[in-house]
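**Q** Quick one: structure below, then a few questions.
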Amino acid sequence: MNPTPRPMHSTPGLVIVGAGHAGSELALAARQQGWTGDILLLGDEPDLPYQRPPLSKAYLLGQTDAAALALRQPEAYATAGVRVRLGTRVRAIHRAAHTVELTDGERIPYAKLALCTGGRARPWVCEGMDPEHPPSNLLSLRTRADADALRAGLRPDSRLVVVGGGYIGLEVAASARSLGAQVTVLEAQPRLLARVAGQAMSDFVADAHRAAGVALRTGATVARVHCAGGRIVQVELADGTALPADLVVAGIGMLPNTEAARAAGLGSDQGIPVDACSVTADPDIVAAGDCTVQHVALYDRALRLESVPNALEQARSAAAWLCGQAKPNQTVPWFWSDQYDLKLQLVGLSQGHDRCIVRGQSAQRHFCLFYLQGQRLLAADAVNRPADFMLVRRALATTGGLGLDLDALGDESVPLKTALAPRP
Ligand SMILES: Cc1cc2nc3c(=O)[nH]c(=O)nc-3n(C[C@H](O)[C@H](O)[C@H](O)COP(=O)(O)OP(=O)(O)OC[C@H]3O[C@@H](n4cnc5c(N)ncnc54)[C@H](O)[C@@H]3O)c2cc1C
């Protein structure tokens with residue numbers, strides 16, 4: 001039997017802007033943790049909150065459909081007394097009046113406001129393109145609509161040029177290659193994943209793509225594109241190489257959606273600063289997910305983390321705080337990526353490491369990389385080793401990477417659990 005839906009309140013309640021991973025989680029978690037007032041979830045996309053990670057993986061491959069992307073069944077919102085308004089964009093926040101303003105001018109009052117506005121794909125413009133009329137075969141990937149357009153444009157033997165060798169670009173490359181497309185990946189840095197992974201991981205991922213038949217060009221910059229009939233037909237590199245193209249995907253990162261927050265004095269184009277309970281500079285406004293910047297105590301740095309786990313953790317902390325409990329999130333950044341038969345799981349931040357230890361055999365596609373700085377474990381990458389990944393994640397959370405038996409990390413005769421146990 002379904003629980004009786006909660007009554008709707010007309011007094012100002014909790015208004016959540018952005019119906020993605022963070023917004024959906026925050027709405028349901030707030031109700032679960034004791035928020036008794038109205039909850040209104042506003043989202044500018046046409047769909048109920050859905051999972052984005054499959055857009056470049058199973059969904060692009062046609063292995064899952066739109067219904068399976070839904071984060072929750074529609075009834076879950078009604079049952080929890082969460083009103084959802086889709087296709088609705090907030091254009092301004094009036095903090096003094098405690099209202100948000102929609103694009104049609106409607107004003108909605110709030111007692112507490114949550115900003116979960118995520119980000120959008122960073123636009124790519126280059127010589128030969130009219131930014132006012134982007135070529136019809138230039139795509140990016142952030143939304144389900146983007147994934148549908150990409151899926152519709154991809155054919156076996158399509159010549160696909162991916163601009164950007166980060167995770168999203170590489171996942172698109174892997175999926176497109178698996179569908180039979182001819183794929184070239186262009187990366188301006190000397191190696192793939194330069195911003196987020198160590199050299200050994202970059203090399204491994206590059207080898208996997210080459211083995212699958214992807215043409216990789218690192219240190220490659222695009223000089224211009226040549227268009228005909230409103231479509232890119234050729235991508236010309238700075239070294240003069242001409243790459244014929246049927247489809248071009250730009251995967252050059254994202255821009256946080258912070259315009260309304262910035263205009264209200266709550267952040268910058270880098271993100272909305274929040275504390276460990278997800279509270280902004282305004283105690284009546286919380287924020288969670290890709291649109292935020294937080295101080296990550298483990299690395300003593302302010303970071304914008306773009307990952308589902310972070311969006312969920314921040315949303316739960318925000319919900320707790322709104323319900324009168326302080327449950328600061330103890331962020332250990334982590335992320336996963338699926339490419340071909342590779343399950344990559346990354347925990348921590350490897351920047352600044354001075355040593356990398358390998359456990360297992362990269363040739364067998366079953367190994368971990370541990371990044372160390374002096375006597376401290378900073379981060380690890382696991383390839384097809386989910387159990388090891390879980391152990392490292394827990395160890396980083398509980399020890400901060402200190403006091404471990406680092407020399408045993410590469411020795412498979414010592415169980416990883418033992419190597420990661422704090423030394424007495
Ligand atoms: C293709 C792809 C693959 C990914 N793969 C992985 C992965 O493997 N692992 C992983 O951890 N992460 C992955 N990510 C990242 C992950 O999806 C994001 O970190 C996560 O979606 C962040 O959730 P969010 O709620 O902060 O933002 P979003 O999911 O972006 O949701 C924000 C929502 O707010 C809406 N919005 C914005 N402004 C307004 C406004 N003014 N009014 C109303 N609505 C507004 C947006 O349209 C959007 O619907 C991937 C992302 C993409 C695009």
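**Q** Quick check on A67: is it more than 20 Å from V15 (Cβ to Cβ) and more than 19 Å from the chain's Cα centre (by Cα)? Walk me through it before giving the result.
**A** Working: more than 20 Å from V15 (Cβ to Cβ): yes; more than 19 Å from the chain's Cα centre (by Cα): yes.
For A67, the condition - more than 20 Å from V15 (Cβ to Cβ) and more than 19 Å from the chain's Cα centre (by Cα) - is met.
**Q** Would it be correct to say that R159 is open to solvent by 30 Å² or more (accessible area, probe 1.4 Å), within 16 Å of the ligand (Cβ to nearest atom) and either modelled with pLDDT of 95 or more or assigned by TED's automatic domain parsing to the domain that holds T88 (or both)?
**A** no
**Q** Next up: Which one of these does T117 not meet: (1) within 24 Å of A311 (Cα to Cα); (2) of a type outside the set (D, E, K, R); (3) more than 10 Å from the ligand (Cβ to nearest atom)?
**A** Looking at each condition in turn, T117 falls short on (3).
**Q** Quick check: anything in the range 343-350 more than 10 Å from the ligand (Cβ to nearest atom), more than 23 Å from L416 (Cα to Cα) and either open to solvent by less than 50 Å² (accessible area, probe 1.4 Å) or at pLDDT 95 or above (or both)?
**A** no
**Q** Now for a different question. Please count how many residues of the range 40-58 are part of a loop (DSSP other than H, G, I, E, B) and near the ligand (Cβ under 9 Å from one of its atoms).
**A** Adding up the residues that qualify gives 8.
**Q** Please work out which residue is least open to solvent (accessible area, probe 1.4 Å), limiting yourself to the range 120-148 and to residues that are within 11 Å of the ligand (Cβ to nearest atom) and either within 24 Å of T280 (Cβ to Cβ) or of a type in the set (G, A, S) (or both). Steps first, answer last, please.
**A** Pass one, the range 120-148, residues within 11 Å of the ligand (Cβ to nearest atom): 120-121, 140-147.
After this cut, where a residue has to be either within 24 Å of T280 (Cβ to Cβ) or of a type in the set (G, A, S) (or both) as well, the list is 120-121, 140, 142, 145, 147.
Details: R120: 89, A121: 27, S140: 39, R142: 48, A145: 70, A147: 0 Å².
The selected residue is A147.
Residues checked against (1) among the aromatic types (F, W, Y); (2) more than 30 Å from S178 (Cα to Cα); (3) within 16 Å of the ligand (Cβ to nearest atom); (4) touching a Lys or Arg at 6+ places or on another chain (Cβ under 6 Å):
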position: V286; (1), (2), (3), (4): no, yes, yes, no
position: G289; (1), (2), (3), (4): no, yes, yes, no
position: R301; (1), (2), (3), (4): no, yes, no, no
position: A315; (1), (2), (3), (4): no, yes, yes, no
position: W321; (1), (2), (3), (4): yes, yes, no, no
position: Q330; (1), (2), (3), (4): no, yes, no, no
position: Q339; (1), (2), (3), (4): no, no, yes, no
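**Q** Among residues belonging to the range 9-39 that are part of a strand (DSSP E or B) and in contact with a Cys (Cβ under 7 Å, 6 or more places away or on another chain), point out the one that is farthest from the ligand (Cβ to nearest atom).
**A** I16
**Q** Given the criterion surrounded by fewer than 17 Cβ atoms within 10 Å (Cβ to Cβ) and modelled with pLDDT under 95, identify the matching residue among R231, R195.
**A** R195
**Q** Which numbered condition trips up A220, out of (1) within 16 Å of the ligand (Cβ to nearest atom); (2) surrounded by 18 or more Cβ atoms within 10 Å (Cβ to Cβ)?
**A** Every listed condition holds for A220 apart from (1).
**Q** Take the range 380-400 and flag every residue that is open to solvent by less than 10 Å² (accessible area, probe 1.4 Å) and without any contact (Cβ under 8 Å) to a residue 60 or more places away in the chain.
**A** Scanning the range 380-400 gives A380, A382, F389, V392, A395.
**Q** Which of the following residues is under 30 Å from A67 (Cα atoms), in contact with a Pro (Cβ under 9 Å, 6 or more places away or on another chain) and β-branched (V, I, T): T99, T103, T117, T143?
**A** T117
**Q** Please give the number of the condition I93 fails out of (1) touching a strand residue (DSSP E or B) at 6+ places or on another chain (Cβ under 6 Å); (2) closer than 23 Å to W336 by Cβ.
**A** Of (1) touching a strand residue (DSSP E or B) at 6+ places or on another chain (Cβ under 6 Å); (2) closer than 23 Å to W336 by Cβ, only one is false for I93: (2).
**Q** Separate question: Name the single residue that is farthest from T331 (Cα to Cα) among those in the range 376-416 being touching a strand residue (DSSP E or B) at 6+ places or on another chain (Cβ under 9 Å) and in a strand (DSSP E or B).
**A** Out of the qualifying residues, it is V383.
**Q** Residue by residue through the range 3-56, note down the ones that are within 15 Å of the chain's Cα centre (by Cα) and at pLDDT below 95.
**A** Correct list: empty.
**Q** Got a sec? Which strands (runs of 3 or more DSSP E) wholly within the range 242-342 have at least 1 residues that are surrounded by fewer than 24 Cβ atoms within 10 Å (Cβ to Cβ) and hydroxyl-bearing (S, T, Y)?
**A** Once the strands (runs of 3 or more DSSP E) in the range 242-342 are filtered for at least 1 residues that are surrounded by fewer than 24 Cβ atoms within 10 Å (Cβ to Cβ) and hydroxyl-bearing (S, T, Y), what remains is 334-339.
**Q** Same structure, new question: Would you confirm, using the coordinates I've provided, whether E106 is loosely packed, with under 14 Cβ neighbours inside 10 Å, farther than 21 Å from Q314 by Cβ and assigned by TED's automatic domain parsing to the domain that holds A264?
**A** Judged against the criteria, E106 is a match.
**Q** Further question on the same structure: Considering only the range 165-177, state which residues are open to solvent by 10 Å² or more (accessible area, probe 1.4 Å) and either out of contact with any Phe, Trp or Tyr (no Cβ under 9 Å at 6 or more places or on another chain) or more than 12 Å from the ligand (Cβ to nearest atom) (or both).
**A** Looking only at the range 165-177, we keep the residues that are open to solvent by 10 Å² or more (accessible area, probe 1.4 Å), and these are 166-168, 177.
Once the filter is applied, which keeps residues that are open to solvent by 10 Å² or more (accessible area, probe 1.4 Å) and either out of contact with any Phe, Trp or Tyr (no Cβ under 9 Å at 6 or more places or on another chain) or more than 12 Å from the ligand (Cβ to nearest atom) (or both), the range 165-177 yields G166, I168, R177.
**Q** Right, here's the next one. Contact list please: Cβ distance under 7 Å, first residue in the range 58-76 and within 16 Å of V172 (Cβ to Cβ) and at pLDDT 95 or above, second residue open to solvent by 50 Å² or more (accessible area, probe 1.4 Å) and not charged (D, E, K, R), pairs at least six apart or on different chains.
**A** These pairs meet every condition: L61/S178; L61/L179.
**Q** Can I ask one more? Mind listing just one residue for me: the one in the range 178-198 that is without any contact (Cβ under 8 Å) to a residue 40 or more places away in the chain and of a type outside the set (A, V, I, L, M) and, of those, farthest from the ligand (Cβ to nearest atom)?
**A** Checking each candidate, the answer is P190.
The values are calculated or read from the model by the stated rules, or taken from the named source; none is laboratory data. These numbers come from a predicted model, not from an experiment. With ideal geometry, Cβ positions are generated from the backbone for all residues, glycine too; neighbour counts draw on all protein chains shown. In case anyone asks, the SASA skips ligands and DNA or RNA and just uses the protein heavy atoms, side chains included. Shrake-Rupley method; radii C 1.70, N 1.55, O 1.52, S 1.80 Å.
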